[in-house]
Amino acid sequence: MATKTCEQPKDKGIDLSKVEKILSDYKNARGAVIPVLQKVQGEFGYLPESAIDLISERLNVSSSEIVGVSTFYAQFHLIPRGQHIIKVCCGTACHVKGATKIAEKLSETLEVSMGMTTKDNVFTLEEVACLGACSLAPVMMVDEDIHGKLASDTVGAVLQKIKESGTTQPSE
């Protein structure tokens, strides 16, 4: 499983007025860190460093404490993620039926390591403990769609279908 990192790229074009608007709803609210982080991530897709600094200042909570919260909970991300999230199940049934080969093929095809995002910001590749679709093992989830009974030679077709759907506009 990939581990989370606190290393962030420099924020580019982050509109902090959006963060200010979110924070205005939480003036003098105790215990607002998690809901604020959820809304900020909903806005940007991750938690930009400049947003963390502003949240820290406005909520009077240290930046390190905010980073601690954001790295503790799997729902938060400190680096930008792809337009499409691919989750490869590594549960027992999937593992036994070849999930490792599926993960390797995806990594090779996308030219990205597990836990990372492609250069064009289209795909983020992740391993998860279980997707709860053991009867379809091995399984991967792309966004909210489950793809089961995979083989290393069929994952390329799934990726191609996503690309052909026209929903892979590179992010700026």
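Just a few scattered comments:
- The alpha-carbon of Lys105 sits under 17 angstrom from the alpha-carbons of these aspartates and glutamates, leaving out residues fewer than 8 places away in its chain: Glu126, Glu127, Asp153.
- Ranked by the mean number of other Cβ atoms within 10 Å per residue, highest first, peptides 91-98, 25-32 order as 91-98, 25-32.
- 0 to 90° range, to nearest 10: angle between helix 49-59 axis and the chain longest Cα axis: 40
- The relative contact order of the chain, computed from alpha carbon pairs under 8 Å that lie at least 6 residues apart in sequence, is 21 percent.
- Across Lys97/Lys161; Lys119/Lys161; Lys39/Lys119; Lys101/Lys163; Lys18/Lys161; Lys101/Lys161, pairs whose alpha-carbon gap is larger than 30 Å: Lys18/Lys161
- With Cα atoms, 0 to 90° folded angle of helix 63-72 axis to the chain main axis: 30
- Stretched out straight at 0.36 nm per residue, the stretch from Val158 to Asp120 would grow longer than its current Cα-Cα span by 11.9 nm.
- Normalised per residue, the volume of the convex hull around the Cα set of the range 68-172 (Å³): 100
- Using the rule -39500 (n - 2.57) for each DSSP H run of four or more residues, divided by the residues of the chain, the 222 nm mean residue ellipticity is -11500 deg cm²/dmol.
- Cα-based shape type of the range 16-72, given that a ≥ b ≥ c are square roots of the gyration tensor eigenvalues and the cut on a/c is 1.5: rounded
Quick note: the coordinates plus some simple rules give every number you see, no bench work behind them. Because the structure is predicted, anything quoted here is derived from the model rather than measured. Neighbour counts run over all protein chains shown; Cβ positions are idealised from the backbone, glycine included.
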